[in-house]
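**Q** Sharing a structure, written as structure tokens. Questions coming.
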């Protein structure tokens, strides 16, 4: 099969996207699809370079290159309040972090900039940000606060540490009253033009997989416990707090996030949400 008959799909290497992927009907597509699993920043780079054709990427990465992508409706990683896997560990209250060192993980784009927005706009402090590998002990040897995301944050939250822990989803809701969307499902415009029918079929299959996961989450819970640890009750609660929808409420919260990022100079231009629709018959 020629390379141009394949779609390469990026898969975020964290449990928070499992409810979208777990029941995906791989056998239906066979060699038409290739799956590439990386941390968010790796997938962001691969999508931008054209090495991945579609997949879940950081919301912030979409904003930076929105002219190249369209967004799948009803697919995201979002939360209205606690998300439980995007956590800031800190030795002192947020209001006392002005001028302090805050360690950031190299695996994140959206949450790193969400933290900057919250601390600058709402808390009113300006820390010194330093990037580091996501190891809580190592980060906190050299800093007053450390941000962890994904399964690294989950594992660290199970430990008995002396630090305060702030959930980034909860902080966003406290200060804005809005949903926060951390990852979106983006498709390269070139891929839409080249494989419109296949793109539509993948979207349909992902929605079906998401629906199956919502109807019967127990296999996903068992898989998460087997791979990461924890208890079934922890994972039930964790997945219950996540939403994988991307409707009007999630889009409104994400648009506000983009607006604040623009105002702080984190984005160089406005980032409209360009939604994909199935025009494969007419394309």
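**Q** Checking the a/c ratio against 1.5 first, then a/b against b/c, what shape does the Cα gyration tensor give for segment 196-283?
**A** oblate
**Q** Please find the FRET efficiency linking residue 98 to residue 65, where r is the Cβ-Cβ separation and R0 is fixed at 41 Å, and quote it to the nearest 0.05.
**A** My answer for the efficiency is 0.80.
**Q** For each of 60, 29, 182, count neighbouring Cβ atoms within 10 Å of the residue's Cβ, then give the residues from fewest to most.
**A** Listed from fewest to most nearby Cβ atoms, that is 29, 60, 182.
**Q** Okay, next question. Kindly provide the Kirkwood hydrodynamic radius of the chain in Å, to one decimal, from all pairs of distinct alpha carbon atoms.
**A** Radius from the Kirkwood sum: 19.4 Å.
**Q** Another question, if that's okay. Want the number for residue 120 to residue 158: 0.36 nm per residue separation, take away the alpha-carbon distance, what's left?
**A** Full extension from residue 120 to residue 158 adds 10.8 nm.
**Q** Using label points projected 7 Å from each Cα along Cα→Cβ, tell me how many nm separate residue 263 and residue 194, to one decimal.
**A** Label at residue 263, label at residue 194, 4.0 nm between them.
**Q** Same structure again: Convex hull over the alpha-carbon atoms of segment 166-208: what's its volume per residue in Å³?
**A** 101
**Q** Here's something else I'd like to know. Out of all DSSP beta bridges with both ends in segment 88-176, state the antiparallel percent to the nearest 5.
**A** Numbers: 6 of 13 bridges.
Antiparallel: roughly 45 percent of the beta bridges in segment 88-176.
**Q** Based on the Cβ-Cβ distance of residue 135 and residue 225, what FRET efficiency does E = 1/(1 + (r/R0)^6) give at R0 = 25 Å, to the nearest 0.05? Display every interim value, and only then the final one.
**A** Details: r = 23 Å, r/R0 = 0.92.
The calculated FRET efficiency here is 0.60.
**Q** Here is a follow-up. Using only Cα atoms and rounding to the nearest 10 degrees, what angle (0 to 90) does helix 248-263 make with the longest principal axis of the chain?
**A** Result, in degrees: 60.
**Q** Could you give the length gained by full extension between residue 32 and residue 237, i.e. 0.36 nm per residue of separation minus their alpha carbon distance, to one decimal place?
**A** Values: separation 205, 0.36 × 205 = 73.80 nm, distance 3.55 nm.
Extending this stretch completely gives an extra 70.3 nm.
**Q** Further, regarding this structure: Distance between the C-alpha centers of segment 45-78 and segment 151-170? Whole Å please.
**A** 27
**Q** Also, I was wondering about something else. Among DSSP beta bridges whose residues both lie in the chain, state the antiparallel percentage, nearest 5. Provide the component values of the computation, followed by the final result.
**A** Numbers: 23 of 39 bridges.
Taking every DSSP beta bridge within the chain, about 60 percent pair in antiparallel fashion.
**Q** To test your reading of the geometry: what angle, between 0 and 90 degrees and rounded to tens, separates the Cα axis of helix 218-228 from the longest principal axis of the chain?
**A** With both axes taken from Cα atoms, the answer is about 50 degrees.
**Q** Now for a different question. Using just the helices of the chain, give the 222 nm mean residue ellipticity in deg cm²/dmol: DSSP H runs with n ≥ 4 each add -39,500 (n - 2.57), and the total is spread over all residues, rounded to 500. Walk me through the numbers before you get to the answer.
**A** Details: 13 runs with 117 residues, N = 283.
Here the helix-only value at 222 nm equals -11500 deg cm²/dmol.
**Q** Also, I was wondering about something else. Does anything in segment 177-191 have its amide N under 14 Å from the 7 Å Cα→Cβ label point of residue 249, and if so which residues?
**A** 177-181
**Q** Cut-off is 10 Å between beta-carbons; in what order do 181, 41, 138, 111 appear when sorted fewest neighbours first?
**A** 138, 41, 181, 111
**Q** Same structure, new question: Helix 196-215 versus the longest principal axis of the chain: what is the Cα-based angle in degrees, 0 to 90, to the nearest 10?
**A** Tilt relative to the chain: about 50 degrees.
**Q** Given 37 °C and 0.692 mPa s, how large is the Stokes-Einstein diffusion coefficient of segment 88-176 in µm²/s, with Rh as the Kirkwood radius over Cα pairs?
**A** 255
Taken together, the values in this text are just the output of simple stated rules run on the coordinates, not laboratory data. Everything quoted here is computed from the prediction, not taken from an experiment. Every residue, glycine among them, receives a Cβ derived from its backbone with ideal geometry; neighbour counts consider all protein chains shown.
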